[in-house]
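Quick note: the coordinates plus some simple rules give every number you see, no bench work behind them. Everything numeric here is computed off the predicted structure, so don't read it as measured data. Backbone-built Cβ (ideal geometry, glycine too); neighbour counts: all protein chains shown.
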Amino acid sequence: MDWRPGKPLQLETERFRLRSLTPADATPVYVRWWNDPEVQAGLNFPARGWDRQRAVKHISQFNNRTSFHLGIFCKDTGRLIGFFAAFPDPHARVAKTNIVIGEKDYWGKNVVQEVRARMLSFLFEVMGMEKVKGEIQGRNYPSIFNYKAMGFTCEGVLRNEIPRFDGGRTDVFIFGLLRDEWEALNKAAHADD
């Protein structure tokens, strides 16, 4: 892999191409996700009311060293369908991640598992992380399912941890995957090769 810290990152899976987003990627489609109540509800946010300028500001804050904001593009069409964010801490060697599939016709199509598997390889093998984690705010059952399906352990539930965007309070679920767990899962998945 020819990536260097601070340079744009590009990765591929069987169906998708992941690459660092640039201000040019703040398209109406990308902005729409931030303003879609159904997409934002999964993040425990209301529709944000963003315009293109606010989206460009968001994209520009990622440095491709300790923060990544990768677009998920279909290989066959080039269509942007979502994004993956990762925040690797080089000192603690723990990366926090999240993923959003903004195009609803791709919900339930195993995009998350395919993309996250590739990102796990990058974070563990290239970035040298010892742990990858994710936090789910509220009852985002698809995210809980996806973490469990990929071998993550629910390390805890912070009860009534944060305010809900629509009132009341909500839990935060913490999921984690250790390097040795990932290596064992990876080895088992390739045992028949």
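In the calculated pair distance distribution of the stretch 41-95, what percentage of Cα-Cα distances lie above 12 Å? I get 75 percent for the Cα pairs in the stretch 41-95 exceeding 12 Å.
In a simple Cβ point-charge model (Lys, Arg +1; Asp, Glu -1; nothing else charged), the stretch 116-178 has a dipole of about 160 debye relative to its Cα centre.
Could you list log10 I(q)/I(0) for the chain at q = 0.10, 0.17 Å⁻¹, which the Debye formula gives when each Cα is one point scatterer? Normalising to I(0) and taking log10 leaves -0.41, -1.27. When the stretch 103-188 is described by a simple charge dipole with +1 on each Lys and Arg Cβ and -1 on each Asp and Glu Cβ, the residue from LEU177, TYR141, LEU158 located farthest towards its positive end is TYR141. Looking at the stretch 1-111, the pairs of alpha carbons with a distance over 25 Å make up 20% of the total.
Excluding GLU183 itself, what net charge comes from residues whose Cβ is under 13 Å from its Cβ, given Lys and Arg +1 and Asp and Glu -1? Residues close to GLU183 contribute a combined charge of -1. Here is how the number arises for the chain: DSSP H runs of 4 or more residues each give -39500 (n - 2.57), the sum is divided by the residue count, and the result at 222 nm is -7500 deg cm²/dmol. Based on the Kirkwood approach, the hydrodynamic radius assigned to the stretch 85-178 is 14.1 Å, with every pair of different Cα atoms included. Dimensions of the stretch 140-187 from C-alpha coordinates, computed as largest minus smallest value along each principal axis and given longest first, are 45, 17, 10 Å. When the alpha carbon coordinates of the stretch 74-121 are projected onto the principal axes, the ranges are 38, 18, 16 Å, largest first.
Orientation-averaged projection of the stretch 1-64 equals 5.5 nm² [convex hull of Cα atoms, one quarter of hull surface area].
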